[in-house]
Structure formats: C-alpha cells, structure tokens
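Undergrad: One structure coming up, written as structure tokens, with questions to follow.
The values are calculated or read from the model by the stated rules, or taken from the named source; none is laboratory data. Just so it is clear, the model here is predicted, and its values are computed rather than measured. With ideal geometry, Cβ positions are generated from the backbone for all residues, glycine too; neighbour counts draw on all protein chains shown. Side chains are part of the model used for accessible areas, which takes the heavy atoms of the whole protein and leaves out ligands, DNA and RNA. Shrake-Rupley method; radii C 1.70, N 1.55, O 1.52, S 1.80 Å.
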Amino acid sequence: MSDTPALELKQLTKRFGDFIAVNRVDLAVPRNQVVALVGESGSGKTTTGLLALRLLAHDGGQILLDGEDISTLSQKQMKAYRRRLQVVFQDSYSSLDPMMTLGEIVAEPLGIHGVATAAERRDTARGWLEKVGLDGSYANRYPHELSGGQRQRVSVARALILGASVLVADEPTSALDVSVKAQIVNLLQGLQADMGLSMLFISHDLSVVRSLADEVVVMLRGRVVERAPTDRIFSSARHPYTQSLLDAVPVIDPAARRRRTFLSAEEITARTPRITASDLVAEPLLDTADPQLVALAGSHFVEAIVAERATP
C-alpha cells in the first residue's frame, strides 16, 4: 500500500481581511485512518475542513488528494475528484432538501455524476439507507419526518454512495444527544473499517474522538498547537490548551475527574512549553525564540519554545 496520505494539507492559509483564520496548517490523513481535528469554536477547524474540500478558497498552501495537487483546479475540474472526497455537515436538516424524498436525496450524487440508470439509482439508494441503519421504506419519507440522528444517517449515506475514499465529517454529532451521538460514531467507525475510508473528523469534543481517531490534531487561533497519536494525546498532552480540553472530558469515576481549567489567551501563551533541543527528535525548522511546532518522540508534535539550540 502506498505511503502517500489520502489527504494532505501543506502550509494551508486563509485570511479574512486582516484576520488569519487558518495559519500555515500542515496535516495529513493516512489511508484507512481517522484523524480528528479538534478545538473550540473559532479555532479554525471548520474553516480548515472547508478549505480541504475546496468549498472555500485558500490564500496559500496546498491541498493534495492521494498525492495529486487539487489546490488550483477549477470547479469543473474538481467534479471528478468529488466522487473521492465527500463531506458530512454538522446541521443535517439544512443540508437536506426538504422537498425531496430521502431516496431522491441519497441517489442525487449518482445522477449528478451520471452513474447507472434511474431504477438502479433508486435501488442503490435504498440499499445505502439500509447500510446506515434505516429501513429501505424510508426512501419514501421526507427529512422533516426524521429525528436528528436519522437525518445524519441519511447524510452519511448520501456522502458515501459514490464510494468516496476520503470523508470530511464536520461536527456530525454536536447537535445530538449522548446516546444518539454514540450511535453515529459507531456507524462511522463501522463504515470506515468496511470501506477502508480515510476520515478527517472535526470536533470540539475530545471525548467523542477518543475511540474513533488514530491521531488527534489540536487547533487554537488558526494554528496547530499539538498533534499526536490519540493515546499519547490522552496520556501525555504537552500543550496547555490541549490539557484544558482534556480537563473538560466527562468521566464516570469521580476519582478520575480532572479539575476543569479555563485559560485565557495570556495564560496559554505564558504556559507554552519550553523544550530543550536535546529533547527533540528533529532540528526545529525555524531559528527563532517564538513558539513553533516541534517533533518529540512517538510522532508527537507540540507548539513550543526551543530553549536551547543544538550546537552546530
């Protein structure tokens, strides 16, 4: 299997006037893996997802799909890549046409790409409704007749009916209650394993991604401040912002509960890790006293100040 990531963002940047919403973000989603992009509202994670999907124009950097640079393709040229790169949005109700039946909604991508006959598209759509846990008879229903969790299942079916290899899931569970949230996570986990999907899962809640993601990328104010395998994030987080997100994760055992911390921007800056060059597994990219993303052992990256430079 190729080592080329299914989806890769290189130095991706987006500005809105003088405001830098996404600041030189590097991120890779390996094949058949789930990468969680987490951060609070306003961190830039959803904007990053929209940039990756080419649904929002970027101001710098590259977007690569299976190693192919799709950054500068026209919308017409992007159509062929849409079959491989799909999305599930946060608000399932507004993303589903209320005037279309669920069968028509799920089958629509097949029609857009000219796949199969009308009868075959209907049958395929019914089959996908069953794959996501809905009876085939739901094909004749309308979005307003469904619960939030059921509508999100329809959104998943529509996104995957073309056989996408990369799925961007933008807060797909944030509007759902706890039990339904777990069901949707389990559904995505099962489909990811069955289809060999590569997934960028965007969330503000670390507890949601713990059982789903292979790697966690933490964003703050448009920057990646920590990136590591999921188990290392939960056991050895180094950045104060990541630690504050972990403090907010609910736990059943009161003895294991962490004290919730609310850090101001100034406190986060003051607590930025200071790491000696000897603790790094690679030389820092920049010769600067400002914070930068540096490599620790175990594929662990954290935004830190390098306190000592290695002697040339």
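Undergrad: Could you give the length gained by full extension between Thr269 and Tyr93, i.e. 0.36 nm per residue of separation minus their alpha carbon distance, to one decimal place?
TA: Full extension from Thr269 to Tyr93 adds 59.5 nm.
Undergrad: Expressed as an acute angle from 0 to 90° and rounded to the nearest 10, what is the orientation of the C-alpha long axis of helix 148-160 relative to the principal long axis of the chain?
TA: Tilt relative to the chain: about 90 degrees.
Undergrad: Of Gly111, Gly60, Gly103, which is the most mobile in a GNM of the chain whose springs link Cα atoms less than 10 angstrom apart?
TA: Gly111
Undergrad: Per the Cauchy relation, a quarter of the hull surface: what is the mean projected area of the convex hull of the alpha carbons in the chain, in nm²?
TA: Approximately 18.4 nm², given one-decimal rounding.
Undergrad: Go through Lys14/Lys181; Lys45/Lys181; Lys10/Lys181; Lys79/Lys131; Lys10/Lys79; Lys76/Lys131 and tell me which ones have a Cα-Cα distance over 29 Å in this structure.
TA: Lys14/Lys181; Lys10/Lys181; Lys76/Lys131
Undergrad: Next question. Rank these by accessible area, largest first, 1.4 Å probe: Tyr241, Tyr81, Tyr142, Tyr93.
TA: Tyr93, Tyr142, Tyr81, Tyr241
Undergrad: Build a GNM of the chain with springs between Cα atoms under 10 Å: which of Ala248, Ala21, Ala118 gets the top mean-square fluctuation?
TA: Largest GNM mean-square fluctuation: Ala118.
Undergrad: Another one. In vacuum, with every alpha carbon of the range 1-74 counted as one equal point scatterer, what does the Debye formula give for log10 I(q)/I(0) at q = 0.19, 0.20, 0.23 Å⁻¹? Two decimals, please.
TA: The Cα Debye sum returns log10 ratios of -0.76, -0.83, -1.06.
Undergrad: Would you calculate the separation in nanometres between label points at Arg24 and His144, each defined as 7 Å from the Cα along the Cα-to-beta-carbon direction?
TA: Between Arg24 and His144, the simple spin-label model gives 5.1 nm.
Undergrad: Which value in Å is the Kirkwood Rh of the range 141-225 over different Cα pairs?
TA: Computed over the range 141-225, the radius equals 13.9 Å.
Undergrad: Could you work out [θ]222 nm for the chain from helices alone, using -39500 (n - 2.57) per DSSP H run of at least four and dividing by all its residues? Round to the nearest 500 deg cm²/dmol.
TA: The helix contribution divided over the chain gives -9000 deg cm²/dmol.
Undergrad: Would you compute, for the Cα atoms of the range 117-264, the largest minus smallest coordinate along each principal axis and list the three values in descending order, in whole Å?
TA: Answer, in whole Å and largest first: 56, 29, 25 Å.
Undergrad: Counting only protein heavy atoms and using a 1.4 Å probe, what share of the accessible area of the chain belongs to carbon plus sulfur, as a whole percent?
TA: 49
Undergrad: At 1.4 Å probe size, with every protein chain present, just tell me what the per residue accessible area of the chain comes to in Å².
TA: Heavy-atom accessible area per residue stands at 48 Å².
Undergrad: Taking the simple approach of a point 7 Å from Cα along Cα-to-Cβ for both Met100 and Ser74, what is their distance in nm?
TA: 2.5
Undergrad: A follow-up question, please. Please identify, among Thr269, Thr173, Thr13, the residue showing maximal mean-square fluctuation in a Gaussian network model of the chain using a 10 angstrom Cα cutoff.
TA: Of the options given, Thr269 has the highest mean-square fluctuation.
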